[in-house]
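The values are calculated or read from the model by the stated rules, or taken from the named source; none is laboratory data. Given the structure is predicted, the values throughout are model-derived calculations rather than measurements. Cβ placement follows ideal geometry from the backbone for every residue including glycine, while neighbour counts extend to all protein chains displayed. All accessible areas refer to the heavy atoms of the entire protein, side chains included, with ligands and DNA or RNA removed. Shrake-Rupley method; radii C 1.70, N 1.55, O 1.52, S 1.80 Å.
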Amino acid sequence: MTIHGNTKVLGLIGDPVGHSLSPAIHAIFAKDTGMDAVYVPFPVSADRVEEAVKGAFALGIQGLNVTVPHKQAVIPFLSGIDKAAADTGAVNTLVRTEQGYRGYNTDVTGFLREMRECGADVSGKTAVMLGAGGAANAVLTALLSSGAEHVYILNRSVEKAEKKFGAFPRVTVLPLSGFWKLPEGRHFCVQCTSVGLFPNTEEAVITDPLFYEKVSLAIDLVYRPADTKFMRLVREGGGKAANGLFMLAAQAAESYRLFTGREVPEETLQTAMRAAESAGKV
Ligand code: ATR
């Protein structure tokens, strides 16, 4: 692409950012929607978040995505924050306004779209989450806003999960080994830990086959490799499984819409997802 005097600059701040697939995804969005924009990864250390946000604003950067570990740390330096981001307690998208950047969380929208893509319907039903780290916040917000009757969060450290999510209505925290306490039947399950991520491709957060007899449909937020050990265990237990690639593309599309006002067509979303899949191939 060629950069002109008026090319809009979008970007990503986090630490690290070198592995990110977002630049490739946003390049496809810009090309397909005819937008003169570039998307640049900026590595920012934890002690320079304030400088980075203020500096980016001073430089006229149109919008930024925020990734680990700054999703909470950016909040004090924003001019405002959207409700979904406030509910989630994390911001992954900064949109330029006259007063400063406004914070949004497009992981929630991205996950809701992934659920729709997979045919997941949790309204009035039980849902299960594995893990209570950074990725779990948006998933829990999405599940509760979709009308899940109850969400069981299974985590290695019960204390950590209790501290974060124990006070939420309709939420129960259990240890990983406590899956036998789940209600009868099969449930929708979301794998929110980083277990199984390349290069640890033979690991899964729970390996007991009895757990997988309780899973109807599962989404593994891990997408590298595209077919994770967790997904294989779900299928072996008789359930269906998808990875988090669609969520990755969908959250990016929502950020792009907020940055530019342009909708990403469905076809472009699919192209971006395939590109992300081949870029992330191991
Ligand atoms: P974050 O997403 O906040 O950066 P993380 O350290 O990557 O945090 O952990 C995300 C989730 O994966 C947590 O639920 C973590 O469990 P703990 O709260 O008990 O630390 C879970 N996790 C990470 N490695 C794990 C492992 N080897 N076995 C089980 N759970 C694990």
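Structure data summary
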| read-out | value |
| --- | --- |
| Complete set of residues in segment 71-88 that are out of contact with any Gly (no Cβ under 6 Å at 6 or more places or on another chain) and either over 19 Å from L140 (Cα atoms) or open to solvent by 50 Å² or more (accessible area, probe 1.4 Å) (or both) | K71, Q72, A73, V74, I75, P76, F77, G80, K83, A86, D87 |
| Candidate set: segment 98-153, residues that are touching a Phe, Trp or Tyr at 6+ places or on another chain (Cβ under 6 Å) and over 26 Å from S22 (Cα atoms); chosen: the one nearest to the ligand (Cβ to nearest atom) | I153 |
| Criterion violated by L210 - all others in (1) in contact (Cβ under 8 Å) with a residue 60 or more places away in the chain; (2) under 22 Å from G237 (Cβ atoms); (3) open to solvent by 20 Å² or more (accessible area, probe 1.4 Å) satisfied | (1) |
| Condition broken by L112, with the remaining ones in (1) in a loop (DSSP other than H, G, I, E, B); (2) open to solvent by 10 Å² or more (accessible area, probe 1.4 Å); (3) of a type in the set (A, V, I, L, M, F, W, C); (4) under 30 Å from L217 (Cβ atoms) satisfied | (1) |
| Segment 122-144, subset free of Cβ contacts under 8 Å to residues at least 40 places away in the same chain and either open to solvent by 20 Å² or more (accessible area, probe 1.4 Å) or in a loop (DSSP other than H, G, I, E, B) (or both), residue farthest from I219 (Cα to Cα) | G124 |
| All positions within segment 145-168 that are in contact (Cβ under 8 Å) with a residue 12 or more places away in the chain, not in a helix (DSSP H, G or I) and not hydroxyl-bearing (S, T, Y) | G147, A148, E149, H150, V151, I153, L154, N155, R156, F168 |
| Pairs, first touching a residue at least 60 places away in the same chain (Cβ under 8 Å) in segment 20-38, second open to solvent by 40 Å² or more (accessible area, probe 1.4 Å), C-beta under 6 Å, six or more apart | L21/A279; A24/A279; I28/T271; T33/R262; A37/K8 |
| Residue identified as buried (at least 20 other Cβ atoms within 10 Å of the Cβ), more than 30 Å from L197 (Cα to Cα) and more than 17 Å from the chain's Cα centre (by Cα) among A56, A30 | A56 |
| Filtered residues of segment 244-260 (kept if free of Cβ contacts under 8 Å to residues at least 40 places away in the same chain and surrounded by 24 or more Cβ atoms within 10 Å (Cβ to Cβ)) | none |
| Residues being open to solvent by 70 Å² or more (accessible area, probe 1.4 Å), more than 20 Å from M247 (Cα to Cα) and near the ligand (Cβ under 9 Å from one of its atoms) - total across segment 190-206 | 2 |
| Qualifying residue in segment 22-38 (condition: in a helix (DSSP H, G or I), over 18 Å from A252 (Cα atoms), modelled with pLDDT of 95 or more and of a type in the set (A, V, I, L, M, F, W, C)) | no |
